[in-house]
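Only the coordinates and a few stated rules stand behind these numbers; no lab work does. Source: prediction; values computed, not measured. Don't worry about glycine lacking a Cβ; one is built from the backbone with ideal geometry, like all the others, and counts go over all protein chains shown.
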Amino acid sequence: MASKLDIPLHGTALNIVRQCGPVLSGVLESKFGCKAIIDGVDFERDPRAAQQRRPTVKPEKRFTATLLGGVQLSVWKDDLTNVQADAVVNAANERLQHYGGLALALSNAGGPQIQRESDNYVAKNGSLKTGNAVVLGAGSLPCKKIIHAVGPWLPNQPYKSDVRRAEPLLEEVIRSILDRVEENQLQSVAIPAISSGLFNYPLSECATTIVTSVKRYYENAVYSAHFPKEIHLTNIDEPTVAEMVRACRQILTNSDSSGAATTSAASVQLGNVLLTLKTGKIEEQQTDVIVNTMSTDRDLSVGEISKALLDKASRKMQDEIWNARGTGCVVTTQPYRLRCKEVFHTSFPGASEWNSSQILLKSVSECLCLAATKNHKSIAFPAIGTGALGFSKKESAQIMTQAVVDFAQNIRAKLDVHFVIFPKDKDTFKAFEEQMGFLKHKAFHPGSTQAANWSPPPVEHVEGFRGGRAPTPQIRLTGPSNEVTREAERWLTGLLNKSSGPVIICNNFIQHFGEQQHLQLSRLFKEGLSSEEFFKNGRAGLTVSGKSVEDVVVAGLQVEAMLCSIQRDFAAEEEGIMLQALSTNNLSFGRKMVDNRRPEFMERCSTFKKDGLWILKMDKVENGTLETLFGLKKNQLSCTIPPRRMLQRIPAHFCEMVSHIGFHAEYAPPDEPLYGEGIYFAGDVKAAMEVWKPPKEEKEYLYFVEAEVLTGRSTPGQKGLILPPAVGTDPLDMYDSVNGEPDVSVVFSGHQALPTYIFTCKMR
């Protein structure tokens, strides 16, 4: 059952979120599986916010033409970090400091040598002037070279005069790039839309200038010059790719009609959200979710949209609605005969002149957030707001679109959002099409801090809007359960309300920090901040200190984001190893909640109560791959002793990893690693509370994993063991595990333990 919480922002908390809102949203999703929508906050242009992962795309050629000299010019939708050309172009700054946007993505992907070589160049030659380009090494990127090019910088929301002054500089940088291609005898080069991201060059004008400059360069080239075989205009986001295609068709083929079709406002990419406008009947949609607007008395026969869905679905949908609990804005039902997975029914209780805009905004936002929380991939909305809320078609289009834009700024998973307009309702379609055209022109770039700075005009500026007010600064958390949402809230408020002192992060994945992560730390802690790693009693941690509490917390969140990235990479690598071991391509895993009336629940509940704990929730782990590997390990050890049912207490944010890839020592190091450096398990609840003592500050929830553990032949353990000791003189004949007090077993292979249940508990 999805759970929602609103966390108000003011003072220091508001300033922190302004600086790193997108990063914070990503951490909340990675650590707790919670979606965070941030309302009423204008984010600052902080390059560190761009450190989120770039979305991966399948390379797709959109256009090709032949220039003079036989040069093939093509437009690609692709990730420059994966392009296998002789060279890729980096949109750099004058000091070649790769701290944000595309530059950071290439630097991260290519390794620390990218920044090191850039620093060496600047130290010897000084800054690279605007309009110039230099060829340096590509590190571990799949290309041979990187051409660092400095395009013109424009102010935010530039005037036409600003663009006119910048145009010659953009032309100059394209000529510089192609000069470097000639000098280095390169056969292929991939060029992005330089200056259009963090440097604010308007996208349409940028695309036109780049294509024109490339065309002129080879028209004016001397016959003896080196001509590359291929020039790829490569970008990862749909709006930029579309504009490049439009510019190529207009400039290279003189086909204005083709260009117009390409830049149609039918869809726009907003980060990981693809928003599409289409005509059709809402009841015929095949998205994962269809949104319905129902009356406050939940009578589905009232209203055209609701009645159409009811007629298509069957009367069973009405019965389910009337039996559904809850009084929120969104009620979910099965689809019945509809071709979706779920139907979200929205209603608008208490709508009035002063708050109707917020009701509509909140309703659309809740539907989007709920769809993401349930891992749906697509959702279809009808035009909402022109009925009971009394908005004009233009107002409805603007407010619904505003909700999608707000949502897109904070979501990491991909979601397709469809606005479906009834075919005969041409006025409504036109209103939404105008808004889509506006988005098409202003759409932000995934992975850049421009995403955090852009939104359409505020709702209260729409013609005819009745007294709307800017949303109160807050974070709206949506999680899969009350316990998870409360855990995320406790962690978040502990950081945002911090008044003094350092931020201490305890996480054994800090031991996985490599050269790249330490380089990021060195850049992060230059201005009045410091960090210190520690390792004590088998536990790793990092302390962030500084004079400013805000700076300390922001830096701490950046470290948390680095850890989330490392954990994702670790899980992906382990999954690959598991699949390779079984020669399969499929790994499915999940958790299924156990009914509290089941015998297994009641048995564990009784056991936990004896030691002062209430079981709030019991989830069964379902992972066939782990079961197979556990069986193989049992055969390998030739275990004649049955596996033991044992417990491990883990932090909330590792529950998902246990379900996914099984046990690892990083999750739950004991308070005192007295018996070795392996994976610890306790025989009962009391022993588990001794091995992993709850922290002095009271925690609301505690999490335990029950596992079948192959202890096999066991012997007393001792500090420092990284493998079980030998049974006799043969060093290859080792014990299967070691043991200690109070009733502790330590194994040194994660496959010797199979997770079976995860418990969410509360101390009595």
Taking every DSSP bridge whose two residues both lie in the chain, the antiparallel percent to the nearest 5 is 65
Would you list which lysines come within 21 Å of Lys160, measuring only between C-alpha atoms, while excluding same-chain residues fewer than 8 positions from it? Lys440, Lys442
The longest stretch of the chain containing none of the chymotrypsin sites (Phe, Trp or Tyr not before Pro) that sit in a DSSP loop with at most 12 other Cβ atoms within 10 Å is 355-764
Neighbourhood net charge (13 Å Cβ-Cβ; Lys/Arg +1, Asp/Glu -1) for Gln580: -3
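Give me His98, His518 sorted ascending by neighbouring Cβ count inside 10 Å, so fewest comes first. Working shown, then result.
On the way: His98 26, His518 12.
Result, fewest neighbours first: His518, His98.
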Taking neighbour counts of Cβ atoms within 10 Å as a proxy for exposure, in what order, fewest first, do Leu674, Leu28 appear? Leu674, Leu28
Quick P(r) readout (the chain; Cα-Cα; 10 Å bins; whole %) gives 2, 12, 20, 22, 20, 14, 7, 2, 0
Taking the range 594-697, which GluC sites (Glu not before Pro) meet the DSSP loop condition and have no more than 11 other C-beta atoms within 10 Å? Glu697
Of the DSSP H helices in the chain, the ones reaching 27 Å or more along their long axis in Cα terms and averaging at least 0.5 in Kyte-Doolittle hydropathy are 549-582
Simple label model, 7 Å out from Cα along Cβ direction - Glu603 to Thr493, nm: 3.8
Setting aside same-chain residues fewer than 8 positions from Lys362, which lysines have a Cα under 19 Å from its Cα? Lys4, Lys35, Lys374, Lys393, Lys394
Any aspartates and glutamates with Cα under 16 Å of the Lys424 Cα? List them, leaving off those in the same chain fewer than 8 positions away. Glu283, Glu284, Glu304, Glu433
Taking the beta-carbon count within 10 Å as an exposure proxy, list Leu136, Leu723, Leu270 from fewest neighbours to most. Leu723, Leu136, Leu270
Under-18-angstrom lysine pairs by C-alpha in the range 588-763, whenever the two are 8 or more apart or on separate chains: 18
